[in-house]
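Below is one structure, written out as structure tokens; comments come after it.
The values are calculated or read from the model by the stated rules, or taken from the named source; none is laboratory data. All figures in this text were calculated on a predicted structure; none of them were measured in a lab. Quick reminder, even Gly has a Cβ in these numbers, built from the backbone with ideal geometry, and neighbours come from all protein chains shown.
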Ligand SMILES: Nc1ncnc2c1ncn2[C@@H]1O[C@H](COP(=O)(O)OP(=O)(O)OP(=O)(O)O)[C@@H](O)[C@H]1O
Ligand SMILES: [Mg+2]
């Protein structure tokens, strides 16, 4: 067995939603008056419930589940962006999180974002210069003209996602977390990024991929975890898990 890269033990993540949210229904207002209770000003959302698993070097792990099942929350917690209420996460190195909201600067050009992104990932200026063209080529941003010298705010959402992915994929990561970034590009780019995920995996890292495109998961990951209501429903070989998930979503 290869070395573990991520160990998650009995993880619980709870969001606290503060502040009063709207007027509420007249019935609940009446109830509170009768029972003489104050309006609850703090609510909790239990987004991840007692999740445990271990990821190994060289694995690409798919994460599936219906909307709101806790996928992004789990990955944000693994990346250290979201605190846990209980349990713990051990990782080798700092996981890199590539989400649809990854921070690129809208008012800077694509070019500046590539450079800043590389530096932010810890590359030296020389490494950044060496990788620059490869990133631009991979993103395909300049296929239809000189778009890389325009501000990011002029990009379509697919173009922005492609550039984000190209920047993140330029580096080898111990743990790379991709939250739906692949599904934003067009078919050709999707294919290219799936190839790159397989490559990153070969370079001995671990890749987590969240996608609602079951085909991407089947093509890229050999292991899949299915989350539902914050709990692990199944964790195993991708085909088994995705088959079970598809049967479940067909019934709903
Ligand atoms: N910032 C937040 N504050 C409060 N609750 C949140 C917050 N972010 C997510 N949640 C809640 O946590 C639960 C899990 O959300 P999460 O975004 O992890 O789901 P997901 O599986 O990534 O969904 P999707 O497939 O739609 O991306 C949901 O019930 C959601 O309402
Ligand atoms: Mg999500």
Next item on the list: Output the strands (runs of 3 or more DSSP E) that fall wholly within region 1-72 and possess 2 or more residues being farther than 21 Å from residue 177 by Cβ and at pLDDT below 95, or say none.
Entry: 4-18, 42-56
Check: So which pairs qualify, if the first residue must be in region 64-89 and over 24 Å from residue 214 (Cβ atoms), the second must be within 11 Å of ligand 2 (Cβ to nearest atom), the Cβ gap must be under 8 Å, and the two must be at least 6 apart or on different chains?
Finding: 82/73; 82/76
Check: Is one or more of the residues making up region 80-91 under 21 Å from residue 199 (Cα atoms), over 17 Å from the mean Cα position of the chain (by Cα) and either away from ligand 1 (no atom under 15 Å from the Cβ) or buried (at least 18 other Cβ atoms within 10 Å of the Cβ) (or both)?
Finding: no
Next item on the list: Assess whether residue 125 counts as being out of contact with any strand residue (DSSP E or B) (no Cβ under 6 Å at 6 or more places or on another chain), modelled with pLDDT of 90 or more and within 16 Å of ligand 1 (Cβ to nearest atom).
Entry: no
Margin query: Given the condition within 16 Å of ligand 2 (Cβ to nearest atom), in contact with a strand residue (DSSP E or B) (Cβ under 8 Å, 6 or more places away or on another chain) and not in a strand (DSSP E or B), answer yes or no: does some residue in region 182-205 qualify?
Written below: yes
Notebook entry, point to check: What number of residues within region 50-72 satisfy the criterion of being within 13 Å of ligand 1 (Cβ to nearest atom) and surrounded by fewer than 22 Cβ atoms within 10 Å (Cβ to Cβ)?
Noted result: 5
Notebook entry, point to check: Applying the selection to region 206-218, what residues are in contact with a strand residue (DSSP E or B) (Cβ under 9 Å, 6 or more places away or on another chain) and away from ligand 1 (no atom under 16 Å from the Cβ)?
Noted result: 206, 207, 218
Next item on the list: Within region 122-147, work out how many residues are exposed (fewer than 14 other Cβ atoms within 10 Å of the Cβ) and in a loop (DSSP other than H, G, I, E, B).
Entry: 4
Note to self: Looking only at region 184-203, filter to residues that are closer than 23 Å to residue 174 by Cα and in contact with a helix residue (DSSP H, G or I) (Cβ under 8 Å, 6 or more places away or on another chain); which one of those is surrounded by the most Cβ atoms within 10 Å (Cβ to Cβ)?
What the structure shows: 193
